[in-house]
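The values are calculated or read from the model by the stated rules, or taken from the named source; none is laboratory data. Since this is a predicted model, take the numbers as computed values, not measurements. Glycine also receives a Cβ, built like all others from the backbone with ideal geometry; neighbour counts cover every protein chain displayed. Accessible surface is based on the protein model in full, side chains and every heavy atom, while ligands, DNA and RNA are left aside. Shrake-Rupley method; radii C 1.70, N 1.55, O 1.52, S 1.80 Å.
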Amino acid sequence: MSDCLFCKIVAGQIPSKKVYEDEELLAFHDIGPKAPVHFLVVPKKHVPSLYELEKADAALLGRLVYKAQELARELGCEKGARFVLNCKSDGGQTVEHLHLHVLGGRAMGWPPG
Ligand code: AMP
Ligand code: ZN
């Protein structure tokens, strides 16, 4: 998607503070952190939201979540973290490229607003 912000970050056209990269995933720090640790993990493939995930990509999402917890541990969230997938307007999604938020470094409240 040529006009997608996170596709541009994946392509290196927009800079990011990279946490991790492999052939199918990219993780980078959120530009507006909501916790001492706040990074995003995205598939390099453009998927607009969780609702558009194809069944064939379910394993990709599994690998994304597995990598997210590895990175959370590595970044010091040994006491736990919040893993969030905002989906479409009611879910609070503002960037239409599937991304998993990882928030840590403090205790999280519940329920979310
Ligand atoms: P969401 O509201 O779930 O779609 O989350 C989008 C997230 O992307 C927000 O937390 C933003 O702070 C973050 N964001 C927007 N632009 C950038 C950027 N250029 N680099 C890193 N994070 C960004
Ligand atoms: Zn995209």
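Tell me, please, whether a residue that is surrounded by fewer than 20 Cβ atoms within 10 Å (Cβ to Cβ), in a strand (DSSP E or B), modelled with pLDDT of 95 or more and near ligand 1 (Cβ under 7 Å from one of its atoms) can be found in the range 27-37. Yes: the range 27-37 contains one or more residues that are surrounded by fewer than 20 Cβ atoms within 10 Å (Cβ to Cβ), in a strand (DSSP E or B), modelled with pLDDT of 95 or more and near ligand 1 (Cβ under 7 Å from one of its atoms).
The lone criterion from (1) open to solvent by 80 Å² or more (accessible area, probe 1.4 Å); (2) touching a residue at least 60 places away in the same chain (Cβ under 8 Å) left unmet by P15 is number (2). From the list G80, G113, G92, G62, the lone residue that is away from ligand 1 (no atom under 12 Å from the Cβ), on the phi > 0 side of the Ramachandran plot and either of a type in the set (S, T, Y) or open to solvent by 30 Å² or more (accessible area, probe 1.4 Å) (or both) is G80. Can F39 be described as of a type outside the set (S, T, N, Q), more than 12 Å from L98 (Cβ to Cβ) and touching a Ser or Thr at 6+ places or on another chain (Cβ under 7 Å)? Considered against the rule, which asks whether it is of a type outside the set (S, T, N, Q), more than 12 Å from L98 (Cβ to Cβ) and touching a Ser or Thr at 6+ places or on another chain (Cβ under 7 Å), F39 comes out as no.
Looking across the range 65-82, the residues that are part of a helix (DSSP H, G or I) and without any contact (Cβ under 8 Å) to a residue 40 or more places away in the chain come down to V65, Y66, Q69, E70, A72, R73, E74.
Residue-level check: of (1) within 13 Å of ligand 1 (Cβ to nearest atom); (2) under 21 Å from K8 (Cβ atoms); (3) surrounded by 20 or more Cβ atoms within 10 Å (Cβ to Cβ), L103 misses just (2).
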